[in-house]
Amino acid sequence: MSGFVRVADVDDVRPGRTRAIAVDGQQVLLCHVGDSFCAIADVCTHDQGPLGEGRLRGTTIECPRHGARFDVRDGSVVALPAIRPLATYPVRVVDGGVEVALEVVR
């Protein structure tokens, strides 16, 4: 896949919330952080748990299974037991819609 795909309207995901979405068959977690959106792989790198079932606190998402935490802005590990960062994807807002591209940033 190349290019961006519209996945939500800006108003669909309130600040401080997430939405699990499928983009071209891939599970992605859209996170509304402050005034911007981030997109990460919706799978914990520790045990493949669904991060969309976890809690977003500020810029950090916590896996509900074992408590691994990641920074949603860049996918970096914030707390063990995970040691590998998450894949992150480019996001843009166009005409009130949130668009994600599956080219991995990290």
Odd one out for PHE4, checked against (1) open to solvent by less than 80 Å² (accessible area, probe 1.4 Å); (2) free of Cβ contacts under 8 Å to residues at least 60 places away in the same chain; (3) touching an Asp or Glu at 6+ places or on another chain (Cβ under 8 Å); (4) within 20 Å of GLU103 (Cα to Cα): (2)
Members of the stretch 81-95 that are open to solvent by 40 Å² or more (accessible area, probe 1.4 Å) and not in a strand (DSSP E or B): PRO81, ILE83, ARG84, PRO85, ASP95
The stretch 9-58, residues that are within 10 Å of the chain's Cα centre (by Cα) and part of a loop (DSSP other than H, G, I, E, B): ASP42, VAL43
Cβ pairs under 9 Å, 6+ apart, first in the stretch 21-48 and without any contact (Cβ under 8 Å) to a residue 60 or more places away in the chain and among the β-branched types (Val, Ile, Thr), second part of a strand (DSSP E or B) and open to solvent by 20 Å² or more (accessible area, probe 1.4 Å): VAL33/LEU56; VAL43/GLN27; THR45/VAL77
Any hit, the stretch 66-80, residues being surrounded by 13 or more Cβ atoms within 10 Å (Cβ to Cβ), aromatic (Phe, Trp, Tyr) and free of Cβ contacts under 8 Å to residues at least 60 places away in the same chain: yes
Test: VAL28 is buried (at least 18 other Cβ atoms within 10 Å of the Cβ) and within 17 Å of GLY3 (Cα to Cα): yes
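The values are calculated or read from the model by the stated rules, or taken from the named source; none is laboratory data. Note that the structure is predicted; figures quoted are calculated from it, not measured. Please note: Cβ atoms are built from the backbone with ideal geometry, for glycine as well, and neighbour counts cover all protein chains shown. Note: areas computed on protein heavy atoms with side chains; ligands, DNA, RNA excluded. Shrake-Rupley method; radii C 1.70, N 1.55, O 1.52, S 1.80 Å.
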